[in-house]
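**Student:** Structure below; questions to follow.
The values are calculated or read from the model by the stated rules, or taken from the named source; none is laboratory data. Given the structure is predicted, the values throughout are model-derived calculations rather than measurements. Positions of Cβ are generated from backbone atoms using ideal geometry, with glycine treated the same way; all protein chains shown enter the neighbour counts. Keep in mind that these areas ignore ligands, DNA and RNA; they rest on the heavy atoms of the full protein, side chains included. Shrake-Rupley method; radii C 1.70, N 1.55, O 1.52, S 1.80 Å.
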Amino acid sequence: MTPSPDLDIDIRGAVAVIRLNRPAKRNALSDALVLAVRDAFENLPATVRAAVLGGSGEHFCAGLDLSELKERDAGAGLHHSRMWHAALERVQYGPVPVVAALHGAVVGGGLELAAACHIRVADDTAFYALPEGSRGIFVGGGGAVRIPRLIGAARMTDMMLTGRVYNAEEGERAGFAQYRVPAGQAFDKALALAQRVAENAPLTNYALVHALPRIAEQPADQGFLTEALMAAIAQSAPEAKARVRAFLEGRADKVKKASET
């Protein structure tokens, strides 16, 4: 892995903490930073079982670095977009589940990056926008596919047509984030969740990251078969058998109501 000054990587036991590190640019995504994100997720150590993705400074990510925006013909624009697709696919379909810690701007390409993660934790400073419509451009980092799956096509259309900005509370209701916490606490919550996720059986985590989203896109009869195959594979793993045995022998906690935990 080639180190990048714009991306910090800190391995904390079974969790990799990956931070965008361009605070003076509100962590805007240059081509070099997008490729560094790709390389980071392609080269995680085998001991890592979950990751946290965040941003340094006051913002998660304010989107594409417009200072790099060049006049491109259609072919060059196509290949640039596909480069983003390949990079963000390594986040969504990489080796481990990814928890995003969101604060400040989660805008444009930053929202596309957040949508590629599996769990999103936002603090009360977070805000969401897709300003591409007002700038005469279109999303190109996978947002047209991933963001409607979070909030619906109608909400995304409204954001791009009108420039609507969602605050943290509105964003949680709309579906941008699964968790909302007080200002300054997004990273701590995301890290705690990642540490919990890292305790799961690796094959189950793999099924949730790789199989579940594909099952959701399949016709029902195909989805049922894929589910059955994945369930059979997961439960055959030695770690899964040991965990079930521990539960049956009373050595594992039972599920309790949230107020009891």
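**Student:** Do you know which residues across the range 37-53 are of a type in the set (G, A, S), in contact with a strand residue (DSSP E or B) (Cβ under 8 Å, 6 or more places away or on another chain) and either free of Cβ contacts under 8 Å to residues at least 24 places away in the same chain or within 22 Å of G104 (Cα to Cα) (or both)?
**Tutor:** The one that is of a type in the set (G, A, S), in contact with a strand residue (DSSP E or B) (Cβ under 8 Å, 6 or more places away or on another chain) and either free of Cβ contacts under 8 Å to residues at least 24 places away in the same chain or within 22 Å of G104 (Cα to Cα) (or both): A51.
**Student:** Restricting attention to the range 138-150, does a residue exist that is under 18 Å from A105 (Cβ atoms) and either open to solvent by 70 Å² or more (accessible area, probe 1.4 Å) or over 19 Å from the mean Cα position of the chain (by Cα) (or both)?
**Tutor:** Checking the range 138-150: not a single residue is under 18 Å from A105 (Cβ atoms) and either open to solvent by 70 Å² or more (accessible area, probe 1.4 Å) or over 19 Å from the mean Cα position of the chain (by Cα) (or both).
**Student:** Hey, another quick one. Taking the residues in the range 92-129 that are of a type in the set (S, T, Y) and in contact with a His (Cβ under 7 Å, 6 or more places away or on another chain) as candidates, determine which candidate is least open to solvent (accessible area, probe 1.4 Å).
**Tutor:** Here is the first cut: in the range 92-129, the ones of a type in the set (S, T, Y) are 93, 125, 128.
Still in the list and also in contact with a His (Cβ under 7 Å, 6 or more places away or on another chain): 93, 125.
Values: Y93: 40, T125: 63 Å².
Step by step, filter the range 92-129, then rank; the result is Y93.
**Student:** I'm told E170 meets every condition in (1) surrounded by fewer than 13 Cβ atoms within 10 Å (Cβ to Cβ); (2) in a helix (DSSP H, G or I) except one. Can you identify the failing condition by its number?
**Tutor:** (1)
**Student:** Turning to a different aspect of this structure: Do you know which residues across the range 23-38 are touching a Ser or Thr at 6+ places or on another chain (Cβ under 8 Å) and more than 20 Å from M83 (Cα to Cα)?
**Tutor:** Selection gives P23 alone.
**Student:** Quick test of your reading of the structure: G142 fulfils all but one of (1) in contact with a His (Cβ under 8 Å, 6 or more places away or on another chain); (2) over 26 Å from L212 (Cα atoms); (3) without any contact (Cβ under 8 Å) to a residue 60 or more places away in the chain. Name the failing condition by number.
**Tutor:** (2)
**Student:** In addition: Could you please tell me which pairs satisfy a Cβ distance under 9 Å, a separation of 6+ or placement on different chains, a first residue in the range 23-35 that is within 11 Å of G63 (Cα to Cα), and a second residue that is basic (K, R) and open to solvent by 60 Å² or more (accessible area, probe 1.4 Å)?
**Tutor:** Pairs found: N27/R19.
**Student:** Got at least one residue in the range 76-89 being in contact with a Phe, Trp or Tyr (Cβ under 7 Å, 6 or more places away or on another chain), open to solvent by 30 Å² or more (accessible area, probe 1.4 Å) and closer than 23 Å to R49 by Cβ?
**Tutor:** No, that holds for no residue.
So that you can scan it fast, the table gives a plain yes or no per residue for (1) free of Cβ contacts under 8 Å to residues at least 40 places away in the same chain; (2) out of contact with any Pro (no Cβ under 9 Å at 6 or more places or on another chain):
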residue: A74; (1), (2): yes, yes
residue: Q92; (1), (2): no, no
residue: A100; (1), (2): no, yes
residue: A116; (1), (2): yes, yes
residue: R120; (1), (2): no, yes
residue: A129; (1), (2): yes, yes
residue: I151; (1), (2): yes, yes
residue: A154; (1), (2): yes, no
residue: G163; (1), (2): yes, no
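**Student:** Moving on to the next point. Does the range 202-212 include one or more residues that are modelled with pLDDT of 95 or more, open to solvent by 40 Å² or more (accessible area, probe 1.4 Å), not basic (K, R) and not in a helix (DSSP H, G or I)?
**Tutor:** No, there is no match, as no residue in the range 202-212 is modelled with pLDDT of 95 or more, open to solvent by 40 Å² or more (accessible area, probe 1.4 Å), not basic (K, R) and not in a helix (DSSP H, G or I).
**Student:** Please tell me if R72 is in a loop (DSSP other than H, G, I, E, B) and charged (D, E, K, R).
**Tutor:** yes
**Student:** Please count how many residues of the range 100-130 are part of a strand (DSSP E or B), over 15 Å from L64 (Cα atoms) and out of contact with any Cys (no Cβ under 7 Å at 6 or more places or on another chain).
**Tutor:** The qualifying residues number 8.
**Student:** If you don't mind, there's one more thing I want to ask. If you scan the range 51-81, which residues turn out to be touching a His at 6+ places or on another chain (Cβ under 7 Å) and over 17 Å from A28 (Cβ atoms)?
**Tutor:** R72
**Student:** Just checking, how many residues over the range 157-167 are surrounded by fewer than 19 Cβ atoms within 10 Å (Cβ to Cβ) and assigned to a helix (DSSP H, G or I)?
**Tutor:** Going residue by residue through the range 157-167, those that are surrounded by fewer than 19 Cβ atoms within 10 Å (Cβ to Cβ) are 157-158, 161-165, 167.
Then drop every residue that is not assigned to a helix (DSSP H, G or I), which leaves 157-158, 161-162.
Adding up the residues that qualify gives 4.
**Student:** With (1) open to solvent by 10 Å² or more (accessible area, probe 1.4 Å); (2) under 15 Å from the mean Cα position of the chain (by Cα) as the list, and S67 as the residue in question, which single condition is left unmet?
**Tutor:** Here S67 clears every test but (2).
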